[in-house]
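The values are calculated or read from the model by the stated rules, or taken from the named source; none is laboratory data. Everything quoted here is computed from the prediction, not taken from an experiment. Note that we place each Cβ from the backbone using ideal geometry, even for glycine, and neighbour counts take in every protein chain shown. What goes into the accessible areas is simple: the full protein's heavy atoms, side chains included, and nothing from ligands, DNA or RNA. Shrake-Rupley method; radii C 1.70, N 1.55, O 1.52, S 1.80 Å.
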Amino acid sequence: MRYAILSDVHGNLEALSVVLAKCNEVGVDAYISLGDIVGYNANPKECLDIMRSLNLICAIKGNHDEYAGSNDNVMEGFNPHARAAVIWTKSQLPPEDRAWLASLPMRQTIKGTMITAVHATLDSPDSWGYIFDVHHAADNFAYQFTPLCFIGHSHVPVAFCKKPITQYSERMIMELEDWEHKIIPEAAFRREESFDINLNAGHKYLLNVGSVGQPRNKDPRASFAIYDSDLKIVTRYCIPYDIAAAQAKIYAAGLPERLATRLDRGI
Ligand code: ZN
């Protein structure tokens, strides 16, 4: 089976379209959504319709989904741009879509797979914390009972591996730096379209797949992952898309300018 794992689409139809084209090209059997389908960009309704039409075996709630599906207008923790985008997004969604977003689970272990999915963190999914380093990862691993856990939320692809406990083990949790391209010069990683992680038996993996619709790792390309359960490989893809078209829609919708300008810098 091949599973595509998509996170933080954030209403970016141009990015979602190229991602799904790549999924079709590779051949994907099922889709997993890690949340934040809406917010920030100008096509929340279109992205929701497309996502819901996929063979979606798991759809997790993100913080933007939560606010877009609720009547909370305070939106604690949100900056003014994010808040403005949620208020606009609500005006674009019929009650049925907002109810669907509100109904999504915060985390899920997907039956018949080795996968747990959560938007933010497993230890406290509704606190919307961020996992950036091995210490955060250690907290998450304590609550991770499957070999694989996919997360989103930070829009920064990071990956951690936890080795089994043995009498010889030194460092149990390691960051897998090539997942984020940290060890590759920027000029080179922009040409590479995909990166593989080979899964070792007995190890646990915590993988942030990056963001489809608003990447923040200085690589503006749409980021997502495909897990091949037969080959035991997870591949992260980085796909260029028509950023100018997405930006034009943000301006036309009257959304904050900053939401457009950040897209081509990937910040
Ligand atoms: Zn997000």
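Here are a few things to note about the model shown:
- FRET efficiency, TYR251 to LYS163 (Cβ-Cβ, R0 45 Å, nearest 0.05): 0.40
- Measuring with a 1.4 angstrom probe and ignoring ligands and nucleic acids, ARG258 comes out at about 90 Å² accessible.
- Among beta bridges that DSSP assigns inside the chain, antiparallel share in %, nearest 5: 65
- Distance in nm between pseudo-label sites at GLU177 and LYS45 (7 Å out along the Cβ direction from Cα): 4.8
- Rolling a 1.4 angstrom probe over the protein heavy atoms with all chains in place gives the chain an accessible area of 42 Å² per residue.
- Over the Cα atoms of the stretch 2-261, the radius of gyration divided by the Kirkwood radius equals 0.96; this is the Rg/Rh ratio.
- All aspartates and glutamates inside 19 Å of LYS22 as judged from Cα atoms, apart from same-chain residues fewer than 8 positions distant: ASP8, GLU14, GLU46, ASP49, GLU192, GLU193, ASP196, ASP219, ASP228, ASP242
- The accessible-area ordering, largest first, of the residues MET75, MET106 stands as MET106, MET75, per a 1.4 angstrom probe.
- Residues whose placed amide H lies under 5 Å from that of ALA222, excluding near-sequence neighbours: ILE239, TYR241
- For the stretch 45-66 and the stretch 118-174, distance of Cα centres in Å: 24
- Annotation for ALA99 and PHE132: the two label points, set 7 Å from Cα along the Cα-Cβ direction, are 4.0 nm apart.
- Cα-based convex hull, the stretch 120-184, per residue volume (Å³, whole number): 89
- The H on the amide N of ALA59, modeled in the peptide plane, is under 5 Å from the matching H of SER33, each at least 5 residues off or on a different chain.
- With R₀ fixed at 22 Å, the C-beta to C-beta distance from ARG52 to GLU25 puts the FRET efficiency at about 0.50.
- Calculated log₁₀ intensity ratio I(q)/I(0) where the Debye formula runs over C-alpha points of the stretch 1-66, q = 0.14, 0.15, 0.17, 0.29 Å⁻¹: -0.35, -0.40, -0.52, -1.38
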